[in-house]
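In what follows, a single structure is set out as structure tokens and then discussed.
Every number here is computed from the coordinates shown, using simple stated rules; none is lab data. None of these values were measured; they are calculated from a predicted model. Cβ sites come from the backbone with ideal geometry, for glycine too, and all protein chains shown count toward neighbours.
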Protein chains: 2
Amino acid sequence: MKVTMRDVAKAAGVSPASVSFALRGDPRIKPETAQRIRDIANRMNYSVNATAKSLRSGRTGVIEAAVFQLDRPFYSQLLAGISNAALEHGVQAVAQQISTGKIGHEKSILEKVANQFCDGVILSAGGLSNAEIMELSKGKPVVLLDDQSYQGPFDSVFTPCEDGAEAAVTHLFDMGCQNIGLVGAEFRPFDQALRSMRVVDRRLIGCLRAFERHGLKLAESAVVPLDDWDTDDAYEAVSKTISEGRFTFDGLFCMTDAVAFGVLRALREHGIRVPDDVAVIGFDGVHAGEYVTPSLSTIAVNIDEIARQSVSILCRRINEGRHGAPAMPKHVTVGYEVVVRESSARIS
Amino acid sequence: MKVTMRDVAKAAGVSPASVSFALRGDPRIKPETAQRIRDIANRMNYSVNATAKSLRSGRTGVIEAAVFQLDRPFYSQLLAGISNAALEHGVQAVAQQISTGKIGHEKSILEKVANQFCDGVILSAGGLSNAEIMELSKGKPVVLLDDQSYQGPFDSVFTPCEDGAEAAVTHLFDMGCQNIGLVGAEFRPFDQALRSMRVVDRRLIGCLRAFERHGLKLAESAVVPLDDWDTDDAYEAVSKTISEGRFTFDGLFCMTDAVAFGVLRALREHGIRVPDDVAVIGFDGVHAGEYVTPSLSTIAVNIDEIARQSVSILCRRINEGRHGAPAMPKHVTVGYEVVVRESSARIS
DNA sequence: ATGAAAGCGCTAACAC
DNA sequence: GTGTTAGCGCTTTCAT
């Protein structure tokens, strides 16, 4: 932070340019000179000023992953994956929390997102319109996670909401459930849900498909809505449903594992046995699912694949030469696996 | 990323300097002119180039929090807290993962830490020497989390390892446990532990104190060591202890909640009842502890206080004028609370 | 094989 | 009140 390239150059009796070349191993500097320069730089404890470097080169070498909550297991696992994937691409990843808890702050923080010291951003920002993102990204490449627009202008990576949800509900049917409830869903007609790309609607679509294939219709009373896919909220909501005598389910699909954790606890506190009285399955496949009691069946989405895909798509876009038109936006959906654990393993 | 201050200046028929002042609300620009400039800048979708700004001003307005694992609940809660606290100080926080999983990479990544686009860093880097950190920080302010040196040269924030661990073991004694085990500790003599500031040793010290106060000595067989405070590792280790017939405990203090989650599962799979057969208490107070079954008793450290303290100490240090000598390094220890839940709530 | 010099986009004295 | 100007530390042609 103190010693500059100039200082090193002076000490080595060469020009700043030579130092720059030597330090980056440019072949045009004679190997021995280069080595000498490097030694001196080391001895002086020199390190390049990233800010200056990136002002000049137009590159920072960092990508940013912006999510609403740093402390949700799904996101933290994703962020860890993104960090690792970034390393393999020779860039550095930093994570940023978008939400402050206080509603309304999102946008002001978002404004800083693409403004910042990065070459591109991976954004999980359900709720923002393309126009907003476009404006905020300031021309920097953006990869969207669960983009809410149909084949929008941005590269995007999707979780397998529809298929995963369908598999979850199908699994409950397979386990013999007759009365399946959906925790964290929003009740709406099929055709209306089909017109939306919101994650909550896409998961609902999958559920509706499964119901339909079993010749059943989803009753409004079968969904336990939630403001937020939050463990505490889910616990409260299900507890309330039970105490008000509206709990008639023998199978429960929770829209996320975090929701399921709250649900499991609510059930247990009310003496409802899992899986004997009610089978429970979640969605996400976070690590903690293996450790709760009963262990949680889930739709384990390939979180690592989300990480790898989004990083590699973003890096490709960043490196996309100015030459020629930019590549078409890429939209990929990652895989999932139905993981059956204790919470839905009926011996029937 | 395209339109510069120059462009705005040209469009507004003023100088770049005026744009700069106007945009930052410097009083020396006439209000109406300033407003006009702002309008034009907006219309042109201008936004300042953070890199250039910070090269010039020597400030980035971002602080960085570097931890080994992004996907450990304790760290993610801490990072979320740091993000919020940073916002209140008018700076932006970004999180960075130091570890790649592959051992040996730590240092190379660390080299980038302080190099990067930030004004200071909050570092949780057990294992690095002061000299290394000093070198890597390149003169940027650093706040250490659980610094391993005695009253070292850096500002630091400590978790209440000794007192917390003592409280945990004392709680187990209070619950009537006669045979207390320590999962994730390292067995070593009191005086040797006392000479270390490693987190694992500090927690051991607390345990030893509690044992001593009960006139007991810690047997080597009472510790179940772990390579890493990891849920999977803990599960394996305890499972092994049980199957090998070496499990004789009626009380278990797990060095972290994450460890406890693995322990609870291992116990359950072997039919050992909690808390009836063995009482279990963890350390950290992560959110998930409320939701596992049985819910986890724990030493809940005030994670938010760690966040707030480290951010505020760091910001003060960043803003410390050049005038006069720098303030003495600050060392603070945050509070904790013994939270008794089902896993240790014996009805005795 | 190396050096000189021109900026990258912005800020902050200092002029006017 | 507003414009001029001189860099921040680095990269990168273009000379030599």
Q: Per residue of B:46-55, count partner chain C-beta atoms within 10 Å of its C-beta, then hand back the mean as an integer.
A: 6
Q: Enter the angle in degrees (range 0 to 90, nearest 10) between the Cα long axis of helix B:161-174 and the first principal axis of the Cα atoms of chain B, meaning the one along which they spread out most.
A: 30 degrees
Q: Evaluate the charge dipole of region A:5-48 about its Cα centre and quote only its size in Debye, nearest 20, assuming +1 on the Cβ of each Lys and Arg and -1 on the Cβ of each Asp and Glu.
A: 40 debye
Q: Write down Rg/Rh for chain A, rounded to two decimals, with Rg from the C-alpha atoms and Rh from the Kirkwood relation over Cα pairs.
A: 1.12
Q: Return the whole-Å distance between the Cα centroid of region B:125-183 and the Cα centroid of region A:42-103.
A: 27 Å
Q) When the Karplus curve 6.51 cos²θ - 1.76 cosθ + 1.60 is applied with θ = phi - 60°, which whole-Hz ³J(HN,Hα) does each residue of region A:11-26 get, with x for Gly and Pro? A) 4, 8, x, 10, 8, x, 4, 5, 4, 3, 5, 4, 5, 9, x, 5
Q) Could you give the angle, 0 to 90 degrees to the nearest 10, between helix B:303-319's Cα long axis and the longest principal axis of the Cα atoms of chain B? A) 40 degrees
**Q.** Highest average packing first - B:23-29, A:37-43, Cβ atoms within 10 Å
**A.** A:37-43, B:23-29
Q | Length-normalised contact order of region B:161-301 in % [C-alpha pairs under 8 Å, at least 6 apart] | A | 27 percent
Q. Summing +1 for each Lys or Arg and -1 for each Asp or Glu, what net charge is found among the other residues whose Cβ lies under 14 Å from the Cβ of A:Asp276?
A. 0
Q | Neighbour net charge for B:Asn45 - beta-carbon separation under 10 angstrom, K R +1, D E -1 | A | +2
Q: Please arrange A:Lys138, B:Lys217 by counting, for each residue, the other beta carbons lying within 10 Å of its beta carbon, fewest first.
A: B:Lys217, A:Lys138
**Q.** Positive-pole candidate from A:Leu216, A:Ala167, A:Gln192, dipole of region A:161-301, charges at beta carbon
**A.** A:Leu216
Q: Arrange A:Leu55, A:Leu182 by Cβ neighbour counts within 10 Å, fewest through most, would you?
A: A:Leu55, A:Leu182
Q. What is the local net charge at B:Thr33, summed over the other residues whose Cβ is closer than 12 Å to its Cβ (Lys, Arg +1; Asp, Glu -1)?
A. +1
**Q.** Peptide A:272-278 - average C-beta neighbours from other chains (10 Å radius)
**A.** 0
Q.
With +1 on the Cβ of every Lys and Arg and -1 on the Cβ of every Asp and Glu, and nothing else charged, how large is the dipole of chain B about its Cα centre, in debye rounded to the nearest 20?
A. 2180 debye
Q) If you count, for each residue, the other Cβ atoms within 10 Å and average over each peptide, how do A:335-342, A:258-265, A:141-148 line up from highest to lowest? A) A:258-265, A:141-148, A:335-342
Q | Least to most buried among B:Met197, A:Met328 (fewest other Cβ within 10 Å first) | A | A:Met328, B:Met197
Q: Rank A:Cys118, A:Pro275, A:Val338 by how far each Cα sits towards the positive end of the charge dipole of the protein assembly as shown (+1 on Lys, Arg Cβ; -1 on Asp, Glu Cβ) and give me just the farthest.
A: A:Cys118
Q) Out of every Cα-Cα pair in the protein assembly as shown, what percent are more than 35 Å apart? A) 50 percent
Q: Holding the Cα-Cα limit at 19 Å, pick out from A:Lys2/B:Lys138; A:Lys2/B:Lys140; A:Lys140/B:Lys2; A:Lys140/B:Lys140; A:Lys138/B:Lys53; B:Lys140/B:Lys330 the pairs that are longer than that.
A: A:Lys140/B:Lys140
Q. What does the charge dipole of region A:285-337 about its Cα centre add up to, to the nearest 20 debye, if the Cβ of each Lys and Arg holds +1 and the Cβ of each Asp and Glu holds -1?
A. 420 debye
Q: Bin width 10 Å, alpha-carbon pairs only: give the P(r) of region A:5-48 as whole percents, running from 0 to the bin holding the largest distance.
A: 35, 62, 4
Q) Viscosity 0.890 mPa s, temperature 25 °C: Stokes-Einstein D of region A:161-301 from its Kirkwood Cα radius, in µm² per second? A) 169 µm²/s
Q. What is the average number of partner chain Cβ atoms found within 10 Å of a Cβ in A:284-292?
A. 5
Q. For chain A, what's the relative contact order in percent, using C-alpha pairs closer than 8 Å and at least 6 residues apart?
A. 16 percent
Q. To the nearest 10 degrees, how steep is helix B:31-43 against the longest Cα principal axis of chain B, on a 0 to 90 scale?
A. 70 degrees
